[in-house]
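Colleague: One structure, pasted below without further comment.
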Amino acid sequence: MVLWGIAPEDSYANLVEFQTQMGLTFPVLFDDGGAVHDFYNPGAVPTDSKYPQDWIIGVDGRVKYVNTLYDPMEIRAVLDAELAANGG
């Protein structure tokens, strides 16, 4: 499993400052212009929220989960199902 953050809404300098302040050790993609966000946006969930969003992209490249509300139980269930389906 790979964890990435994607930041389409702010400047690169603000992204670096945020990473440092939060002590993030996983890679964060600077999505200048929102191209990655737009590519994966499934349309079923409003993903134009200014709040953090949780996305799970499966090994097949398809969106398995997206939400603007943090729901660790649901996230865990989706991750477990994806790992089980792919021999993990």
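Colleague: State, to one decimal in nm, how far the label point of Asp80 lies from the label point of Ser11, with both points 7 Å from Cα in the Cβ direction.
Modeller: 4.5 nm
Colleague: Pull out the extension gain between Ala35 and Asp60, defined as 0.36 nm times the separation in residues minus the alpha carbon to alpha carbon distance; nm, one decimal.
Modeller: Additional length available on full extension: 7.1 nm.
Colleague: What net charge do the residues around Gly58 carry, taking every other residue with its C-beta under 10 Å from that of Gly58, with Lys and Arg at +1 and Asp and Glu at -1?
Modeller: 0
Colleague: Where Lys and Arg each count +1 and Asp and Glu each count -1, what net charge lies around Arg76 among other residues with Cβ under 15 Å from its Cβ?
Modeller: In short, -4.
Rule-based calculations on the coordinates, nothing more; no lab input. Not measured: the values here are computed from a predicted model. All Cβ positions, even for glycine, are placed from backbone atoms using ideal geometry, and neighbour counts span all protein chains on display.
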